[in-house]
Amino acid sequence: MTNKRKMQLPIIMAIAMGICSCGMISINQSGYAELSEAERARVKECTGAVSALPADSNVYRVTAAQMKEYLGGKGDVILYEFTPWCDGDGCVVPQAAEEACRRLGYAFCFVAIGYGHCDRLAGVECPKLVIDTNAYGTENFKKYCRQFFGELTGKDWSKLQDSFHRFSGGHYVRSYTSPDSIPKAGAL
């Protein structure tokens with residue numbers, strides 16, 4: 001590295017830290033701070049059973065314990081780990097994921113790992129769920145996802161790698177990359 005580059009590096013780092021600390025970029029955060037007042041008003045606590053939640057325009061905060069109870073009362077379920085800020089080719093909006101999973105014979109639910117892009121939640125016939133970050137004491141999505149999905153699946157979240165998690169009778173079975181990789185229910 002040249003001397004000129006060595007001198008530029010601290011300046012670049014200081015600028016990047018300044019941008020991140022003033023809220024222009026939220027790295028590894030849930031995204032709640034970026035919601036408008038109207039969007040925040042639609043975020044509700046799930047105070048009872050997940051199965052009692054309506055499929056309305058609200059987004060409900062849930063814990064892994066609440067999801068375990070919900071999944072325990074179902075047969076074969078695909079839980080979609082929805083990443084709201086995903087913009088790549090492999091990203092699937094919840095409505096398309098729900099349609100594909102139901103065609104394959106599974107019950108469907110999704111849990112967003114963060115807030116934002118509420119427009120991508122439109123059209124689903126199940127409650128809109130998001131991980132309750134308060135239950136895990138952090139806004140860092142990597143930390144709360146590791147705890148949430150660890151509790152739910154018994155696996156290390158960083159090793160799951162896939163977004164479509166299959167449960168049968170409340171027990172984690174395995175994960176899939178996309179709806180195309182999920183076999184039909186009963187075909188296993």
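Remark: region 58-74, residue by residue, has Karplus-estimated 3J(HN,Hα) of 7, 10, 10, 7, 10, 9, 5, 4, 5, 5, 4, 4, 4, 5, x, x, 10 Hz, where x stands for each Gly or Pro and the curve is 6.51 cos²θ - 1.76 cosθ + 1.60 at θ = phi - 60°.
About its Cα centre, the dipole of region 106-175 is roughly 240 debye, where the only charges are +1 on Lys and Arg Cβ and -1 on Asp and Glu Cβ. Relative protection proxy for 37-46, 117-126, 162-171, 76-85, from highest mean packing down: 76-85, 162-171, 117-126, 37-46 (other beta-carbon atoms within 10 angstrom).
The DSSP beta bridges internal to the chain are antiparallel in roughly 40% of cases. Counting only protein heavy atoms, what percent of the accessible surface of region 36-169 is carbon or sulfur at a 1.4 Å probe? The C+S portion of the solvent-accessible surface of region 36-169 is 47 percent.
Taking the Cα centroid of region 94-125 and of region 152-181, what is the distance between the two, rounded to the nearest whole Å? Here the two parts' Cα centres lie 15 Å apart.
For region 48-188, a crude dipole built from +1 on the beta carbon of Lys and Arg and -1 on the beta carbon of Asp and Glu, taken about the Cα centre, is about 400 debye to the nearest 20.
Shown in residue order for region 168-177 are the 3J(HN,Hα) couplings computed by the Karplus curve 6.51 cos²θ - 1.76 cosθ + 1.60 at θ = phi - 60°: 10, x, x, 9, 5, 9, 5, 10, 10, 6 Hz (x for Gly and Pro). Between 0 and 90 degrees, the angle of helix 3-21 with respect to the longest Cα principal axis of the chain falls at about 50 degrees.
Structure note, pairs Lys68/Lys128; Lys74/Lys155; Lys44/Lys155; Lys44/Lys159; Lys44/Lys184: Cα-Cα distances above 23 angstrom occur for Lys44/Lys155; Lys44/Lys159; Lys44/Lys184. Under a 5 Å amide H cut-off, with hydrogens placed 1.01 Å from N, Leu129 pairs with Tyr60, Phe110, Ala112 among residues at least 5 apart or on other chains. Compute the Cα gyration tensor for region 103-158, then decide on rounded, prolate or oblate, letting a ≥ b ≥ c be the square roots of its eigenvalues: rounded whenever a/c is under 1.5, prolate when a/b is larger than b/c in the other cases, and oblate in all that remain. Oblate shape, in that a/c is at least 1.5 and b/c is the bigger or equal ratio. I'd like to know which of Leu129, Gly90, Ser158 lies farthest towards the positive end of the charge dipole of the chain, counting +1 on Cβ of Lys and Arg and -1 on Cβ of Asp and Glu. Farthest towards the positive pole: Ser158.
Model label points for Ala65 and Gln95, set 7 angstrom from Cα along the Cα-to-Cβ axis, are 3.6 nm apart.
The values are calculated or read from the model by the stated rules, or taken from the named source; none is laboratory data. Keep in mind it's a predicted model, so treat the numbers as computed, not measured. For neighbour counting, all protein chains shown are included, and Cβ atoms are generated from backbone atoms with ideal geometry for every residue, glycine included. Surface accessibility is based on the protein's heavy atoms, side chains included, excluding ligands, DNA and RNA. Shrake-Rupley method; radii C 1.70, N 1.55, O 1.52, S 1.80 Å.
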